[in-house]
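Novice: Submitted below is the structure of interest, expressed as structure tokens.
The values are calculated or read from the model by the stated rules, or taken from the named source; none is laboratory data. Note that the structure is predicted; figures quoted are calculated from it, not measured. Cβ atoms come from the backbone with ideal geometry, glycine included; neighbour counts cover every protein chain shown. Surface accessibility is based on the protein's heavy atoms, side chains included, excluding ligands, DNA and RNA. Shrake-Rupley method; radii C 1.70, N 1.55, O 1.52, S 1.80 Å.
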Amino acid sequence: MRVLVTGGAGFIGSHFAKRLERAGEDVVVLDKLTYSGNPANLDGTGIELVVGDICDSQAVERATEGCEAIVNFAADTHVDRSILGATDFGRTEFVGTQTLLELVRKTGMRYVQVSTDEVYGDLETGGSSRETDPLCPSSPYSVAKAAGDLHIPAYVRTFGVQACITRGSNTYGPNQYPEKLIPLFTTNALDAEPLPLYGDGRQVRDWLYVEDHCAGIEAVLRRGRAGEIYNIGGGHEVENIEVAKGIVELTGADPTLLQHVEDRPGHDRRYSLSCEKAKQELDWEPVVSFADGLAQTVAWYRENRPWWDSIKSGEHYRAYYERQYAERLENAE
Ligand code: NAD
Ligand code: DAU
């Protein structure tokens, strides 16, 4: 099968593209190479990388030549950045997803939309989100993701396309751009830099190792029923402060690096996914424990300093870091 993986130079997309290649599939990646897209993530593979935007219908048409499926990872993905400014988030999700689906509708390709548990919103008072729950996004990022998702049932109903949605939980592992909690805190700890924990640090995320996430998406690509949504969660609900302490322990960093800073505006307190449907229908479940996944991830960052040093020393990263953290760290408790 020839498969187009959009956003395949980013974190999860590159792991997925490599997974499909290992399974003997013919993979082509279409990626705009925004700040988080990195061709080095595909080094050592035979995967073709086409640089282009999913909102550009001609680029998409050229890249999909001979393809039987599209798996769409392309997105702006960082909640904090969406709070600083969200225009690109909405464009890629809404216009980009629709551009891909317009081609799917004409060609009959299979389609998987890679979405997120954040579209269900905050579950502070308990319970787990199911695929039938209403959308209740609370950040500009998650609103954009929800907007993209809305196209899928419409194209299935109106045009009968073979499309599914996956909703994954917080994903971690090698090659993640060092702006999200785990890669940021790991690389800061290895450099003896502060670990800026938002608010009381008691927010809960459901951590999913990247290979488990990719296995779930692959199961949906191969066996998902058209029009269906599948939750893909890690089953490891952990408070941020416990994640941070785990990183301190694994890196041997000084615990006083951990600092409570001003909270993220609108911060969702807890996410949780019910993944019974993927287990029952697709025979998928996560296999990597959080302890093993975190240890493997920290080991990867320890052994691959050149990969993240070149990002963190760059002008773009330094400007973002200054804007997001300088004042917070000055006023840290
Ligand atoms: P990432 O930021 O590492 O990768 C995103 C990739 O998309 C980058 O390579 C970027 O260059 C590319 N891209 C952005 N806009 C594009 C456009 N208009 N056209 C083509 N390419 C474009 O993010 P990630 O963590 O790998 O996330 C991948 C997908 O998985 C996203 O859709 C995200 O919403 C979803 N997701 C992520 C997580 C997580 O915890 N990281 C969890 C659930 C779902
Ligand atoms: O839930 C899935 C989502 O997980 C994905 O859809 C998103 O693409 C991905 O970015 C992620 O969103 P989060 O906002 O949950 O991830 P992040 O790593 O930014 O934050 C995780 C938690 O850690 C969150 O409660 C905020 C907190 N945090 C984060 C950073 C970057 C801090 O306390 N300090 C920080 O510096």
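Novice: Looking at (1) more than 14 Å from ligand 1 (Cβ to nearest atom); (2) aliphatic (A, V, I, L, M); (3) outside any loop (DSSP other than H, G, I, E, B); (4) touching a Gly at 6+ places or on another chain (Cβ under 9 Å), which is the only condition A226 fails?
Specialist: The single condition A226 does not satisfy is (3).
Novice: Among the residues of segment 190-236, write down those that are within 15 Å of ligand 2 (Cβ to nearest atom), crowded, with 19+ Cβ neighbours inside 10 Å and among the acidic types (D, E).
Specialist: Passing the criteria: D206, D212.
Novice: Another one. Being of a type in the set (D, E) and touching a helix residue (DSSP H, G or I) at 6+ places or on another chain (Cβ under 8 Å) is the filter here, so list the residues in segment 86-124 that pass it.
Specialist: Across segment 86-124, the qualifying residues are E93, E102, E118.
Novice: Out of the residues in segment 62-81 that are small (G, A, S) and away from ligand 1 (no atom under 11 Å from the Cβ), which is nearest to V104 (Cα to Cα)?
Specialist: Here the residue is A69.
Novice: Which residue is surrounded by the fewest Cβ atoms within 10 Å (Cβ to Cβ), if the candidates are limited to segment 90-139 and must be part of a helix (DSSP H, G or I) and of a type in the set (S, T, N, Q)?
Specialist: Result: T107.
Novice: So which of V50, V27, V3 is part of a strand (DSSP E or B), in contact with a Cys (Cβ under 9 Å, 6 or more places away or on another chain) and more than 8 Å from ligand 1 (Cβ to nearest atom)?
Specialist: V3
Novice: When the residues of segment 30-44 are filtered to those that are open to solvent by 40 Å² or more (accessible area, probe 1.4 Å) and among the hydroxyl-bearing types (S, T, Y), which remaining residue is nearest to D88 (Cα to Cα)?
Specialist: Out of the qualifying residues, it is T34.
Novice: Which of the residues spanning segment 202-259 are free of Cβ contacts under 8 Å to residues at least 12 places away in the same chain and touching a strand residue (DSSP E or B) at 6+ places or on another chain (Cβ under 6 Å)?
Specialist: none
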